[in-house]
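The values are calculated or read from the model by the stated rules, or taken from the named source; none is laboratory data. Keep in mind that what you see is a predicted model, and the values were worked out from it rather than measured. Please note: Cβ atoms are built from the backbone with ideal geometry, for glycine as well, and neighbour counts cover all protein chains shown. All accessible areas refer to the heavy atoms of the entire protein, side chains included, with ligands and DNA or RNA removed. Shrake-Rupley method; radii C 1.70, N 1.55, O 1.52, S 1.80 Å.
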Amino acid sequence: MELRQLKYFMEVARVEHMTKASENLHVAQSAVSRQITKLEEELGVPLFDRVGRNMQLTSVGQDFLNQAAIALNELQKAEALVTEYTDPTQGTVRVGLPNSLSTKVLPSVISTFREKYPQITYQFMEGTNEELTEMLVNGVLDMTFLSPVPESNEQIEAIRFFDEKLKLIVPTSHPLAENFNVSLKELANEKFVLYPEDFDLYKIVTKAANKKGFEPQIAFQSRDFYTIQGLVGAGLGISILPEMILDGAIFKETKSIVLRDKELRRSVGIITTKKRNLSPSENLFRSFIISFFSH
């Protein structure tokens, strides 16, 4: 099996067409077809179903693609690692970020870091805690911010930076809008606008509500912070969001209110995998953000 075969295979799988793949690879179609055939013969199974001019992955082809992507990613990472050891300020850092942290945490960190290391480049990926952890373990990410931060285990090392309070947001016309603070129990009959069920923020809010003896009435759900605020501002419900993303980003149609319930908070930090060593550039970034938040 050759690296060239893997690259050809992955491009054909991506575009599902031999001619398009050959054009993208700037290689003759016959060469791509020949390498795919050789790869299938070597593996002893068909990787594609030929449907007219289209190429569709078989079930085993999909499984092979998933593992090939990890392998190719690790090879590219190894190549970059060698380059970085000669100059760690020239590398690339792949960072994951929960959607609920993207408005405040990362911009301030990157801005300060770039003043010291302007040549380092970044690849950012957003997702839920579960999605980002999976990408980290599979080698797609080098490190990821998470909130809340899990405990370290045999696969990951976790570092907790700080705890953040959650706050209530209501429409400015809401009866609670003039309150200085509110308890969660007072919201039992309200309609909520929250993140989807697979977001940890959803789990924190619903778990706290259940402890207070009620099940939140979910009116709308969105992965986007601004959409949630817009729906609240339109009077379609209330929401509970992290204090940090509300700071400086509160809509004029909404009002944020302190919650008295101490359990409505979340931890913020980063995780890295124990399965791989960080590159010099990644270590620079990791050390920097640990120092950044310790101050």
Test result for GLU11, in contact with a Lys or Arg (Cβ under 9 Å, 6 or more places away or on another chain), closer than 16 Å to PHE64 by Cβ and free of Cβ contacts under 8 Å to residues at least 40 places away in the same chain = yes
Failed criterion for ALA28 (all others in (1) within 30 Å of PRO280 (Cβ to Cβ); (2) exposed (fewer than 13 other Cβ atoms within 10 Å of the Cβ) hold) = (1)
Only one of VAL51, VAL60 is aliphatic (A, V, I, L, M), loosely packed, with under 13 Cβ neighbours inside 10 Å and at pLDDT below 85, namely VAL51
Return yes or no: is LYS185 closer than 17 Å to LEU259 by Cβ, in a helix (DSSP H, G or I), in contact (Cβ under 8 Å) with a residue 24 or more places away in the chain and not aliphatic (A, V, I, L, M)?
-> yes
What number of residues within the range 175-206 are surrounded by 12 or more Cβ atoms within 10 Å (Cβ to Cβ) and under 19 Å from PRO148 (Cα atoms)?
-> 12
Subset of the range 1-24, residues under 16 Å from LEU72 (Cβ atoms), open to solvent by less than 50 Å² (accessible area, probe 1.4 Å) and of a type in the set (A, V, I, L, M), comes to LEU6, MET10, VAL12, ALA13, ALA21
Can we say GLN67 is in contact with a Phe, Trp or Tyr (Cβ under 7 Å, 6 or more places away or on another chain), under 25 Å from ASN138 (Cβ atoms) and open to solvent by 20 Å² or more (accessible area, probe 1.4 Å)?
-> no
Can you give me the number of residues within the range 113-128 that are open to solvent by 20 Å² or more (accessible area, probe 1.4 Å) and either touching a Pro at 6+ places or on another chain (Cβ under 8 Å) or not β-branched (Val, Ile, Thr) (or both)?
-> 11
Please indicate, with yes or no, whether at least one residue in the range 147-165 is more than 18 Å from ILE271 (Cα to Cα) and part of a helix (DSSP H, G or I).
-> no
Condition met for THR133 (surrounded by 15 or more Cβ atoms within 10 Å (Cβ to Cβ) and touching a Leu at 6+ places or on another chain (Cβ under 8 Å)) = yes
Got a number for residues in the range 253-274 being surrounded by fewer than 16 Cβ atoms within 10 Å (Cβ to Cβ), in contact with a Lys or Arg (Cβ under 8 Å, 6 or more places away or on another chain) and closer than 30 Å to GLY139 by Cβ?
-> 1
Any idea how many residues of the range 201-222 are touching a Ser or Thr at 6+ places or on another chain (Cβ under 7 Å) and under 12 Å from SER100 (Cβ atoms)?
-> 1
